[in-house]
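This is the structure, below, for whatever I ask next.
The values are calculated or read from the model by the stated rules, or taken from the named source; none is laboratory data. All figures in this text were calculated on a predicted structure; none of them were measured in a lab. Note that each Cβ is placed from the backbone with ideal geometry, even for glycine, and that neighbours are counted across all protein chains shown.
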Amino acid sequence: MSNWLWSNQRNDLALLLQSESADSLQVSIQPSAKIGTSVFLDHATGIIVGAFVEIGDEVTILQNVTIGRKDTRAGRAPRIGRGALLSTGATLLGDIGVGDFAKVGAGAVVTIDVPAGCTAVGVPARLINCPEEAVSA
């Protein structure tokens with residue numbers, strides 16, 4: 001609802017609704033964030049989705065995940081691909097992309113792109129289990 005208000009230039013009302021929702025539900029999603037269908041917020045506690053973040057379809061987000069920008073320039077927010085998994089306590093910051101069906105491990109701090117199918121773990125995040133490129137015969 002707050003995204004619809006934001007998209008229709010009702011910014012004050014959108015931010016008020018977002019603030020009230022965050023207080024009662026412990027989930028803060030900025031109204032300018034674009035969220036796909038079938039996004040699963042498991043336990044829905046302590047989740048923060050910042051301004052201009054884009055989340056694809058069928059993404060799973062566990063508790064205490066933060067997704068946001070490093071600076072205030074529009075369009076510099078994370079983009080999460082279809083079917084991605086963001087594990088407990090993960091932090092994604094900056095102008096980065098998380099590819100389709102990629103995974104971010106618990107507690108990881110991601111400031112780099114995570115290619116499709118890869119897993120990012122650690123602080124700072126490093127890539128593991130990336131699918132190998134097809135080799136021609």
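Go through segment 75-92 and count every residue that is in a strand (DSSP E or B) and under 9 Å from the mean Cα position of the chain (by Cα).
Residues in segment 75-92 being in a strand (DSSP E or B) and under 9 Å from the mean Cα position of the chain (by Cα): 5 in total.
Okay, moving on. Given the options Lys34, Lys70, Lys103, name the one that is surrounded by 18 or more Cβ atoms within 10 Å (Cβ to Cβ) and of a type in the set (Lys, Arg).
None of the other options fit; the residue is Lys103.
Right, something else. Go through the residues of segment 54-70 one by one and say whether even a single one is within 17 Å of the chain's Cα centre (by Cα) and of a type in the set (Gly, Ala, Ser). Steps first, please.
Looking only at segment 54-70, we keep the residues that are within 17 Å of the chain's Cα centre (by Cα), and these are 54-70.
From what is left, the residues that are of a type in the set (Gly, Ala, Ser) are 56, 68.
So far as segment 54-70 goes, yes, one or more of its residues are within 17 Å of the chain's Cα centre (by Cα) and of a type in the set (Gly, Ala, Ser).
Hey, another quick one. Does Asp71 fit the bill of being out of contact with any Leu (no Cβ under 6 Å at 6 or more places or on another chain), in contact (Cβ under 8 Å) with a residue 24 or more places away in the chain and either in a strand (DSSP E or B) or farther than 21 Å from Ala22 by Cβ (or both)?
Spelling it out, it is not the case that Asp71 is out of contact with any Leu (no Cβ under 6 Å at 6 or more places or on another chain), in contact (Cβ under 8 Å) with a residue 24 or more places away in the chain and either in a strand (DSSP E or B) or farther than 21 Å from Ala22 by Cβ (or both).
Does Val135 qualify as being hydrophobic (A, V, I, L, M, F, W, C) and modelled with pLDDT of 95 or more? Lay out the reasoning, then the answer.
Details: hydrophobic (A, V, I, L, M, F, W, C): yes; modelled with pLDDT of 95 or more: no.
In short, no.
Inspect all residues belonging to segment 87-94 and state whether any of them is touching a Ser or Thr at 6+ places or on another chain (Cβ under 7 Å) and of a type outside the set (A, V, I, L, M).
Looking through segment 87-94, at least one residue is touching a Ser or Thr at 6+ places or on another chain (Cβ under 7 Å) and of a type outside the set (A, V, I, L, M).
Also, quick follow-up: Only one of (1) at pLDDT 95 or above; (2) in a helix (DSSP H, G or I) is not met by Leu17, so which one is it?
(1)
Name every residue in segment 93-137 that is free of Cβ contacts under 8 Å to residues at least 24 places away in the same chain, assigned to a loop (DSSP other than H, G, I, E, B) and closer than 20 Å to Asp57 by Cβ, in order of residue number.
Ile96, Gly99, Phe101, Ala102, Asp113, Pro115, Gly117, Cys118
Follow-up question, since we're still on this one. Give segment 116-132 a look and list any residue that's closer than 18 Å to Gly83 by Cα and out of contact with any Gly (no Cβ under 9 Å at 6 or more places or on another chain), or say none.
Listed by number, the list holds a single entry, Leu127.
Continuing with this model, one more query. Pick from segment 38-65 the residues that are part of a loop (DSSP other than H, G, I, E, B) and aliphatic (A, V, I, L, M): which of them is nearest to Ala84 (Cα to Cα)?
Val59
Here are the criteria: (1) farther than 14 Å from Val104 by Cβ; (2) assigned by TED's automatic domain parsing to the domain that holds Gly117; (3) in contact with a Phe, Trp or Tyr (Cβ under 6 Å, 6 or more places away or on another chain). Tell me which single one Ala14 does not satisfy.
Condition (2) is where Ala14 drops out.
Residue under question is Asp12, and the condition is that it be outside any helix (DSSP H, G or I), surrounded by fewer than 17 Cβ atoms within 10 Å (Cβ to Cβ) and of a type outside the set (S, T, N, Q); does it hold?
no
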